[in-house]
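Worksheet: the structure to be examined is printed underneath.
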Amino acid sequence: MHVRIAGPDDALEVRRILDAAMLEPGDVETRLDVRDVLVAGDRRGADSTERILGALVLEPRERGAHVAAVGVRRRHRGRGIGRRLVERALERERRLTARFDDGVRPFYEALGFAIEPIGEGRHRGVAVANRGE
């Protein structure tokens, strides 16, 4: 599996993944144009066709970026794809923030996010890359 910056040709697959996960990250096309979308994929078949299995949308912030959405195709969840996307985003941005529901709190905790509740089953998390990395 590999993680790369998504391009405009990836828009449909990114939208499909995020829509299936019922995520609304805002203007994905603009984020694609400014290279703020990452995709995870693999290559299969004799022609090595790429399958996009997951996507992550970033929103730039004064320091780092905010994870607007991260989604993985249902059949491929639990294989570390979301983890790889967030780790690559953290390598790139050095600081990430996220807002999320109770159900995905363990995912962000496992990635080392400092988490605080913000009410009604929602949380805010911050992760900062180690300086030595």
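The values are calculated or read from the model by the stated rules, or taken from the named source; none is laboratory data. Just so we're clear, the structure is a prediction, and the values are computed from it rather than from any experiment. Don't worry about glycine lacking a Cβ; one is built from the backbone with ideal geometry, like all the others, and counts go over all protein chains shown. What goes into the accessible areas is simple: the full protein's heavy atoms, side chains included, and nothing from ligands, DNA or RNA. Shrake-Rupley method; radii C 1.70, N 1.55, O 1.52, S 1.80 Å.
Overview of values
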| quantity | calculated |
| --- | --- |
| Filter result (more than 18 Å from Glu24 (Cβ to Cβ) and in contact with a strand residue (DSSP E or B) (Cβ under 9 Å, 6 or more places away or on another chain)) within the range 100-117 | Asp102, Arg105, Phe107, Tyr108, Glu109, Leu111, Gly112, Phe113, Ala114, Ile115, Glu116, Pro117 |
| Qualifying strands (runs of 3 or more DSSP E) (wholly inside the range 14-133; at least 1 residues being open to solvent by 20 Å² or more (accessible area, probe 1.4 Å), closer than 16 Å to Val3 by Cα and among the basic types (Lys, Arg)) | 37-44, 49-60 |
| In the range 40-58, the residues that are within 11 Å of the chain's Cα centre (by Cα) and either free of Cβ contacts under 8 Å to residues at least 40 places away in the same chain or more than 18 Å from Arg94 (Cα to Cα) (or both) | Ala40, Gly54, Ala55, Leu56, Leu58 |
